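Here the structure is laid out as structure tokens; the discussion comes afterwards.
Derivation of every value follows stated rules applied to the coordinates shown; laboratory data play no part. Quick caveat: nothing in here was measured; it's all calculated off a predicted structure. Cβ: placed from backbone, ideal geometry, glycine included. Neighbour counts: every protein chain shown.
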Amino acid sequence: MKIKLSFYNYSTKTVLETPPSHNDDENDIWGHGYMIPSDMDGAPSSFITTTRSYRRKALAELNSSDNCNNTCRLSLIESIPEGLTYSNESIIYPSTFDTWLDLINSAHESIDIASLYWTLRQSEVYPDPSSIKGEKIFQALLRSGLDKGIKIRVAQNAPTQNYPNIDTELLVKRKAAEVRSLNFVKLLGGGVLHTKLWIVDRKHIYVGSANMDWRSLTQVKEMGIAIYNCSCLAGDIQKIFDVYWTLGEDNAKIPSSWPASYSTKYNFKTPLDLMYQNETFQTYFSSSPPPFSPLGRTNDIDALTNVISHAEKFIYIAVMDYFPLMIYTPKIKFWPVIDDALKTAAIEHKVKVRLLISWWNHSRPSEDYFLRSIASVNKAYPGVSIEVRRFVVPGTKEQQKIPYARVNHNKYMVTDNTAYIGTSNWSGDYFTDTAGVAFVLHDPIFDRNSSHVTIRSQLQGVFERDWDSPYSHLLNFSDSIEADGSW
């Protein structure tokens, strides 16, 4: 199957998912206690009956997927926090706010959203004028569900005391949306639904780092991708949403084997071929945790390490957190899967590695030790290059009063041949116990991007813009910050 792509070429110019804690190193971001998982065998009691009509419609559309030679548009999507500026030569991509509003206004039939939590309402969390953008998104969704008759479904993490999801309660009370909550304590013994996903009319998609939170629109640096008029890709990622929707049913259990209708033929071994100006790109969606991945779906950690292992020149990574650990389990465990993959690429294949990791007032002090560990390999032998920097989003005194804001919340990687845009932070827990997704776009033609503008080359440009910006700091800069009590 081949799909034609047309990329935007723009030449013009969240939020931590953790509740407050007095001890960040022992903070369980999920707000759920761990427990021994219950029996996971068997499907939910209403596994088939409550979704039968929707499933028939979905299967009918997917069965015709071989004929969906769509013309797709792709664009990187950013949230640039207020007050963070770049030079006039820097390219800034469409905003998360504008993209979400356009997606809502373009909807004719359906909007499906998978989310961790909702705090969109004006002055929710903290009274700041910039929260008006979140209110506008919420009101647009409310009007779509009430006035336009758009079928809105929300799969969200189970509400907690820290995140009661009052926004979605109101949508349900007003009969503007259907909402299901996933209880990961019952499903897996712990974890969260960490995915940030929109599907509109089964043909438009947003995947990225932005939560359903006004701070993700104005106070937090985010990165995502929007895919338009692409029913083949939308039909495939719809299956991931359907997994969440099914597991949001009352008394749901993870089945020992997912029905065939949830399976996919698109993965890192057999990606979907996409044509752009008679040239082929390869793409697929990966998913975590493994029990949520039906037959054919690439697990997110396997996608990530596959991208690393196939890099030939460089690997650039921008994520909020980086730990070779399981940090949210009752006992911290060493988890060097990504660390080993990066060191192998640098040492054995002389691939240049750069990590741009966030630093803010909720960064764990222990993270520096692990970043220094991987950075210590730099220049260990000729041709070995691993560099680490910290990205700081500055803020005024007023902006710094906003809780859990002013941070680079990105979760992406770009190599010389692949773009990887995900929804997970980089510690082991996010790949074993937490629900997330990633979009992978591979360019099989060597060095094509030296003469062509592609999503991959644009994402590389974003990384290089941030790496070379005044907001990027050498790894040891945090010592001086801690010394004078500011950051």
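Assorted remarks:
- Once the Cα-Cα distance is subtracted from the 0.36 nm per residue extended length, the Leu295 to Ser385 segment shows a gain of 28.6 nm.
- Kirkwood Rh (inverse of mean 1/r, distinct Cα pairs), the range 213-347, angstrom: 17.8
- Segment Lys313-His452, extension gain: residue separation times 0.36 nm, minus the distance between their alpha carbons: 48.3 nm
- Considering every alpha-carbon pair of the range 75-159, the percent of pairs per 10 Å bin, from zero through the bin containing the longest distance, is 15, 40, 33, 11, 1.
- Here the label points at Ser373 and His473, each 7 Å from Cα along the C-beta direction, are separated by 2.3 nm in the simple model.
- For the range 393-477: rounded, prolate or oblate by the Cα gyration tensor [a/c cutoff 1.5]: oblate
- Here the convex hull built on the C-alpha positions of the range 340-420 has a volume of 109 cubic angstrom per residue.
- Counting Lys and Arg as +1 and Asp and Glu as -1 over every other residue whose Cβ lies under 10 Å from the Cβ of Pro294, the net charge comes to +1.
- At R0 = 35 Å, FRET efficiency that the Cβ-Cβ distance of Thr160 and Lys333 yields, to 0.05: 0.90
- Given R0 = 30 Å, the distance between the Cβ atoms of Asp102 and Thr270 translates into a calculated FRET efficiency of 0.40.
- Where the Cα pairs of the range 350-392 fall when distances are cut into 10 Å bins, in %: 28, 49, 19, 4
- Approximate spin-label separation Ser263-Glu89, in nm, with each point projected 7 Å along Cα-to-Cβ: 5.3
- Relative pair counts by distance (%), Cα atoms of the range 288-431, 10 Å bins: 11, 39, 34, 14, 2, 0
- Hydrodynamic analysis of the range 118-231 uses the Kirkwood radius over alpha carbon pairs. Inserted into Stokes-Einstein at 10 °C and 1.306 mPa s, it gives a translational diffusion coefficient of 105 µm²/s.
- For the residue pairs Lys203/Lys253; Lys313/Lys379; Lys350/Lys411; Lys203/Lys269; Lys196/Lys269, the alpha carbons lie more than 18 Å apart in Lys203/Lys253; Lys350/Lys411; Lys203/Lys269; Lys196/Lys269.
- Loop-resident GluC sites (Glu not before Pro) (DSSP state other than H, G, I, E or B) in the range 331-406 with no more than 16 further Cβ atoms inside 10 Å of their Cβ: Glu398.
- Cα pair count fraction exceeding 12 Å, expressed as % - the range 162-221: 78
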